[in-house]
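Step one of this worksheet: look at the structure below.
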Amino acid sequence: FTVASPSNVPEVAVPADHRRLWRAERGWGPDLPVLVWFGTVSAAKQLDWVVDAWRAAHGARRPAGLVIVGGDPGLQVPGTLRPFLHVTGF
């Protein structure tokens, strides 16, 4: 789902199959649930809540991905979760 948010990030046209290609580059299937964090990273923003939700949603039979767009929080995650974490930076 996409929710409008005031931002200075420009819209960029992408090919129709961008979603499929982006997921394939990471080894993520087309139906993999993905949580996305967008913005700055600080204790006040409570990223730990999102990470806890991601860990709860992720399982061996039904993995889930987490994408962090913005600051790099330097998350230390177990090897089983590492392939399902993508930090884009700013």
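If DNA, RNA and ligands are ignored and the probe is 1.4 Å, what is the ranking of 49, 37, 54 by accessible area, most exposed first?
Numbers: 49 160, 37 35, 54 0 Å².
Putting 49, 37, 54 in descending order of accessible area: 49, 37, 54.
Might you tell me the accessible area per residue for the chain, computed with a 1.4 Å probe and given in Å²?
Details: 6760 Å² over 90 residues.
Ligands and nucleic acids excluded, the figure is 75 Å² per residue.
Which far-off residues, 5 or more places away or on another chain, put their amide H under 5 Å from the one on residue 37, with H placed in the peptide plane?
Correct list: 67, 68, 69.
Which ³J(HN,Hα) values, rounded to whole Hz and listed in residue order, are derived for the range 65-78 from phi using the Karplus coefficients 6.51, -1.76 and 1.60 in 6.51 cos²θ - 1.76 cosθ + 1.60 with θ = phi - 60°, glycine and proline given as x?
Once θ is set to phi - 60°, the couplings for the range 65-78 become x, 10, 10, 10, 9, x, x, 9, x, x, 4, 9, 10, x Hz.
What list of ³J(HN,Hα) couplings, whole Hz, do you get for the range 27-33 from phi and the Karplus terms 6.51, -1.76, 1.60, once you set θ to phi - 60° and write x for glycine and proline?
In residue order, the calculated couplings are x, 9, x, x, 9, 5, x Hz.
Please compute the net charge surrounding residue 41, taking Lys and Arg as +1 and Asp and Glu as -1 over other residues with Cβ under 14 Å from its Cβ.
Values: positive: 45; negative: 48, 72.
Result for the neighbourhood of residue 41: -1.
Which of these values of semi-axes √(5λ) of the Cα gyration tensor in Å was calculated from the structure shown: [x] 21, 20, 11; [y] 28, 13, 10; [z] 35, 13, 9?
Calculated semi-axes √(5λ) of the Cα gyration tensor in Å: the matching label is [x].
The values are calculated or read from the model by the stated rules, or taken from the named source; none is laboratory data. Given the structure is predicted, the values throughout are model-derived calculations rather than measurements. Heads up, the Cβs are rebuilt from the backbone with ideal geometry, glycines too, and the neighbour counts pull from every protein chain shown. With ligands, DNA and RNA removed, areas are computed over all heavy atoms of the protein, side chains included. Shrake-Rupley method; radii C 1.70, N 1.55, O 1.52, S 1.80 Å.
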